[in-house]
Amino acid sequence: MSTPHDRLIALGLDLPAAPAPLAAYVPSILVPIGEGRALLYVAGQVPIKDGTFTCQGSVPDHVSVDQAQEAARVCALNILAQVEAAVGLTRVEQVVQVSGYVLSQDGFGDQPLVINAASDLLFEVLGEAGRHSRVSVGTNALPKSVSVEIAAVVLVRSSDPREG
(Lines give C-alpha, C1' and ligand atoms only; values in the text may rest on other atoms or scores of the structure.)
Protein backbone atom coordinates (compact mmCIF):
# COMPACT_ATOMS: atom_id res chain seq x y z
CA MET A 1 0.00 0.00 0.00
CA SER A 2 1.51 3.33 -1.02
CA THR A 3 1.57 6.35 1.26
CA PRO A 4 0.65 9.91 0.32
CA HIS A 5 4.37 10.66 0.21
CA ASP A 6 4.91 7.76 -2.24
CA ARG A 7 2.11 9.12 -4.43
CA LEU A 8 3.61 12.62 -4.39
CA ILE A 9 6.90 11.15 -5.61
CA ALA A 10 5.12 9.11 -8.29
CA LEU A 11 3.37 12.28 -9.47
CA GLY A 12 6.69 14.12 -9.61
CA LEU A 13 5.54 16.60 -6.96
CA ASP A 14 7.48 18.06 -4.07
CA LEU A 15 5.55 18.85 -0.92
CA PRO A 16 6.43 22.46 -0.13
CA ALA A 17 7.08 23.84 3.33
CA ALA A 18 3.79 24.99 4.85
CA PRO A 19 3.32 28.65 3.89
CA ALA A 20 3.27 31.15 6.74
CA PRO A 21 0.01 33.04 7.30
CA LEU A 22 -0.33 36.29 5.34
CA ALA A 23 -2.16 38.09 8.17
CA ALA A 24 -3.36 37.63 11.78
CA TYR A 25 -4.57 34.02 11.76
CA VAL A 26 -3.21 30.53 12.29
CA PRO A 27 -2.69 28.16 9.34
CA SER A 28 -4.73 25.35 10.92
CA ILE A 29 -6.67 24.42 14.02
CA LEU A 30 -7.08 20.87 15.31
CA VAL A 31 -10.39 20.16 17.03
CA PRO A 32 -10.63 16.80 18.86
CA ILE A 33 -13.97 15.05 18.29
CA GLY A 34 -13.38 11.88 20.32
CA GLU A 35 -12.64 8.23 19.54
CA GLY A 36 -9.08 9.00 18.49
CA ARG A 37 -10.12 11.48 15.80
CA ALA A 38 -10.03 15.20 15.20
CA LEU A 39 -11.05 17.72 12.59
CA LEU A 40 -8.25 19.81 11.15
CA TYR A 41 -9.47 23.13 9.77
CA VAL A 42 -6.96 24.41 7.23
CA ALA A 43 -7.09 28.15 6.55
CA GLY A 44 -7.48 29.37 2.99
CA GLN A 45 -4.37 28.62 0.97
CA VAL A 46 -3.36 30.77 -1.97
CA PRO A 47 -1.13 30.02 -4.97
CA ILE A 48 2.20 30.85 -3.38
CA LYS A 49 5.52 29.08 -3.95
CA ASP A 50 8.69 30.04 -2.12
CA GLY A 51 7.07 33.27 -0.94
CA THR A 52 5.99 34.33 -4.44
CA PHE A 53 2.41 34.52 -5.70
CA THR A 54 2.15 32.36 -8.82
CA CYS A 55 -1.19 33.52 -10.18
CA GLN A 56 -2.88 36.88 -9.75
CA GLY A 57 -5.79 38.42 -11.60
CA SER A 58 -9.35 37.55 -12.51
CA VAL A 59 -10.43 34.56 -14.57
CA PRO A 60 -10.76 34.43 -17.58
CA ASP A 61 -9.98 38.03 -18.58
CA HIS A 62 -6.50 38.26 -17.00
CA VAL A 63 -5.80 34.62 -16.17
CA SER A 64 -6.81 31.65 -18.34
CA VAL A 65 -8.81 28.75 -16.95
CA ASP A 66 -5.71 26.55 -17.44
CA GLN A 67 -3.58 28.97 -15.41
CA ALA A 68 -6.25 29.13 -12.70
CA GLN A 69 -6.36 25.33 -12.58
CA GLU A 70 -2.60 25.25 -12.03
CA ALA A 71 -3.07 27.83 -9.27
CA ALA A 72 -5.70 25.56 -7.69
CA ARG A 73 -3.19 22.69 -7.74
CA VAL A 74 -0.65 24.91 -5.95
CA CYS A 75 -3.32 25.73 -3.35
CA ALA A 76 -4.03 22.01 -2.89
CA LEU A 77 -0.32 21.30 -2.41
CA ASN A 78 -0.22 24.05 0.19
CA ILE A 79 -3.21 22.46 1.96
CA LEU A 80 -1.33 19.16 2.01
CA ALA A 81 1.74 20.98 3.36
CA GLN A 82 -0.36 22.46 6.18
CA VAL A 83 -1.76 19.01 7.00
CA GLU A 84 1.75 17.55 7.00
CA ALA A 85 2.98 20.32 9.32
CA ALA A 86 0.03 19.95 11.70
CA VAL A 87 -0.37 16.17 12.00
CA GLY A 88 1.27 14.35 9.09
CA LEU A 89 -0.34 13.15 5.87
CA THR A 90 -0.47 9.54 7.02
CA ARG A 91 -3.03 10.51 9.66
CA VAL A 92 -5.59 11.70 7.13
CA GLU A 93 -8.75 9.64 7.31
CA GLN A 94 -10.88 11.80 5.01
CA VAL A 95 -10.88 15.23 3.42
CA VAL A 96 -14.35 16.28 4.53
CA GLN A 97 -14.87 19.55 2.70
CA VAL A 98 -13.06 21.90 0.36
CA SER A 99 -14.12 25.51 -0.12
CA GLY A 100 -12.76 27.09 -3.29
CA TYR A 101 -12.89 30.74 -4.30
CA VAL A 102 -12.06 32.01 -7.77
CA LEU A 103 -11.42 35.67 -8.58
CA SER A 104 -13.89 35.94 -11.45
CA GLN A 105 -14.71 38.31 -14.24
CA ASP A 106 -18.40 39.24 -14.34
CA GLY A 107 -20.34 36.48 -16.07
CA PHE A 108 -17.70 33.78 -15.57
CA GLY A 109 -19.36 30.61 -14.30
CA ASP A 110 -16.75 27.85 -14.56
CA GLN A 111 -15.48 28.06 -10.97
CA PRO A 112 -16.14 24.30 -10.49
CA LEU A 113 -13.86 23.56 -13.47
CA VAL A 114 -11.07 25.57 -11.82
CA ILE A 115 -11.47 23.97 -8.38
CA ASN A 116 -11.66 20.47 -9.94
CA ALA A 117 -7.89 20.70 -10.37
CA ALA A 118 -7.46 20.88 -6.59
CA SER A 119 -10.01 18.13 -5.98
CA ASP A 120 -8.27 15.89 -8.49
CA LEU A 121 -4.87 16.47 -6.87
CA LEU A 122 -6.21 15.65 -3.39
CA PHE A 123 -7.62 12.40 -4.75
CA GLU A 124 -4.37 11.57 -6.59
CA VAL A 125 -2.32 12.03 -3.42
CA LEU A 126 -4.72 10.71 -0.77
CA GLY A 127 -6.75 8.16 -2.74
CA GLU A 128 -10.32 7.65 -1.52
CA ALA A 129 -9.47 9.70 1.59
CA GLY A 130 -9.11 12.68 -0.76
CA ARG A 131 -12.74 12.61 -1.95
CA HIS A 132 -14.73 15.42 -0.36
CA SER A 133 -17.78 17.63 -0.45
CA ARG A 134 -17.09 21.01 -1.96
CA VAL A 135 -18.18 24.53 -2.72
CA SER A 136 -16.83 26.56 -5.65
CA VAL A 137 -17.56 30.26 -5.50
CA GLY A 138 -16.80 33.16 -7.77
CA THR A 139 -15.83 36.44 -6.14
CA ASN A 140 -14.78 39.91 -7.23
CA ALA A 141 -11.84 40.15 -4.80
CA LEU A 142 -9.31 37.89 -3.06
CA PRO A 143 -6.26 38.80 -0.94
CA LYS A 144 -3.38 40.21 -3.00
CA SER A 145 -5.59 39.71 -6.10
CA VAL A 146 -4.71 36.01 -6.21
CA SER A 147 -6.79 34.07 -8.70
CA VAL A 148 -7.70 31.20 -6.35
CA GLU A 149 -7.98 30.56 -2.61
CA ILE A 150 -8.91 27.18 -1.14
CA ALA A 151 -9.64 26.07 2.44
CA ALA A 152 -10.27 22.55 3.74
CA VAL A 153 -11.63 20.53 6.65
CA VAL A 154 -9.84 17.21 7.16
CA LEU A 155 -10.74 14.31 9.45
CA VAL A 156 -7.56 12.92 11.01
CA ARG A 157 -6.64 10.08 13.33
CA SER A 158 -5.02 11.09 16.61
CA SER A 159 -2.09 8.73 15.98
CA ASP A 160 -0.22 7.46 12.95
CA PRO A 161 -1.46 3.94 12.01
CA ARG A 162 2.17 2.88 11.47
CA GLU A 163 2.85 3.56 15.16
CA GLY A 164 0.92 0.63 16.33
Exactly one of (1) under 11 Å from S147 (Cα atoms); (2) of a type in the set (V, I, T); (3) out of contact with any Gly (no Cβ under 6 Å at 6 or more places or on another chain) is unmet by V63. Its number? (3)
Region 44-72, residues that are surrounded by fewer than 20 Cβ atoms within 10 Å (Cβ to Cβ), touching a helix residue (DSSP H, G or I) at 6+ places or on another chain (Cβ under 9 Å) and assigned to a strand (DSSP E or B): K49, F53, Q56
Filter result for E149 (out of contact with any helix residue (DSSP H, G or I) (no Cβ under 6 Å at 6 or more places or on another chain), open to solvent by 20 Å² or more (accessible area, probe 1.4 Å) and closer than 19 Å to A18 by Cα): yes
Name every residue in region 1-32 that is modelled with pLDDT of 95 or more, farther than 30 Å from S145 by Cα and among the aliphatic types (A, V, I, L, M), in order of residue number. I9, A10, V31
Can you tell me which residue among Q111, Q82, Q97 is under 28 Å from G51 (Cα atoms), open to solvent by 40 Å² or more (accessible area, probe 1.4 Å) and modelled with pLDDT of 95 or more? Q97
Considering only region 1-29, state which residues are surrounded by 14 or more Cβ atoms within 10 Å (Cβ to Cβ) and part of a strand (DSSP E or B). S28
Subset of region 128-154 [part of a strand (DSSP E or B), within 16 Å of Q94 (Cβ to Cβ) and of a type in the set (D, E, K, R)]: R134
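The values are calculated or read from the model by the stated rules, or taken from the named source; none is laboratory data. Keep in mind that this is a model prediction, so the values were computed, not measured. Cβ sites come from the backbone with ideal geometry, for glycine too, and all protein chains shown count toward neighbours. Surface accessibility is based on the protein's heavy atoms, side chains included, excluding ligands, DNA and RNA. Shrake-Rupley method; radii C 1.70, N 1.55, O 1.52, S 1.80 Å.
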